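Visitor: Got a structure here, written out as structure tokens. Questions coming.
The values are calculated or read from the model by the stated rules, or taken from the named source; none is laboratory data. Worth saying up front: this structure is predicted, and the values here are computed from it rather than measured. A quick note on method: Cβ atoms are made from the backbone with ideal geometry, for glycine too, and the neighbour counts reach across all protein chains shown.
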Amino acid sequence: MANSQHFNLKRTNKNWIKLAVTSFAVCAGMVTFNITTSANSLVEVQVPTAQASKVKTNKRSLQTQVNCAHNLRASAYTAASFADLTVELSNAETILATPNTTQKTINRAVVTLRHAILNLVAKFDDPTYLVDQLGKVINNPTTLAEMQKNNYLSKVILASKASTAQQRQRATEIMYQNAIAIINLRSNQA
């Protein structure tokens, strides 16, 4: 059986302990202490557990990611990648609206929303979009507007990371055809 020792404190020592514990609680600002003395002059300290509603959380980083996601246009990205972003965005907005959210949940939402933003696939990098754009090319353009459209489409294909060698070759051919069409248009005007 273990020997336990009890210390009897004088009244002035009890006051110093109360003062020290109270000062710590006030300085820390996190919890409050309940200090009582028993009949045989022992000091008991009770520390209540912190409730989630009283713990301060920082939602600024999540709000920044939500604002960033709201500024993105759905028309610039593929439907599948933007659908993933929409799901994560709605989850993040729910977490922002919930008052008693833990910091761990907020941090996890920041990471998943940032991951969804980074995984967006631009339409220009989607192979099916590039095939569709190549189908819109005007062969033998005759007006300046048709030439500008062809130049735009060829620049989109050349700038894309997902374009194949054949698509890049077709884009350079389109630019070459536009150059010849411009020369023919200017020679006919002169």
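Visitor: Of the residues LEU153, LEU96, LEU134, LEU113, which is farther than 19 Å from SER75 by Cβ, in a helix (DSSP H, G or I), without any contact (Cβ under 8 Å) to a residue 60 or more places away in the chain and assigned by TED's automatic domain parsing to the domain that holds THR164?
Guide: The unique qualifying residue is LEU134.
Visitor: Let me ask something else. For residues that are of a type in the set (S, T, N, Q) and touching a residue at least 40 places away in the same chain (Cβ under 8 Å), tally how many sit in segment 156-190.
Guide: Counting residues in segment 156-190 that are of a type in the set (S, T, N, Q) and touching a residue at least 40 places away in the same chain (Cβ under 8 Å) gives 0.
Visitor: Consider THR172 against the criteria (1) of a type outside the set (A, V, I, L, M, F, W, C); (2) surrounded by 12 or more Cβ atoms within 10 Å (Cβ to Cβ); (3) in a loop (DSSP other than H, G, I, E, B): it satisfies all of them except one. Which criterion is unmet?
Guide: Against the list (1) of a type outside the set (A, V, I, L, M, F, W, C); (2) surrounded by 12 or more Cβ atoms within 10 Å (Cβ to Cβ); (3) in a loop (DSSP other than H, G, I, E, B), THR172 comes up short only on (3).
Visitor: Still on this structure, I have one more. Quick check on segment 153-167. Is at least one of its residues farther than 30 Å from LYS59 by Cα, under 26 Å from the mean Cα position of the chain (by Cα) and not hydrophobic (A, V, I, L, M, F, W, C)?
Guide: yes
Visitor: Here are the criteria: (1) out of contact with any Pro (no Cβ under 8 Å at 6 or more places or on another chain); (2) surrounded by 11 or more Cβ atoms within 10 Å (Cβ to Cβ). Tell me which single one MET147 does not satisfy.
Guide: (1)
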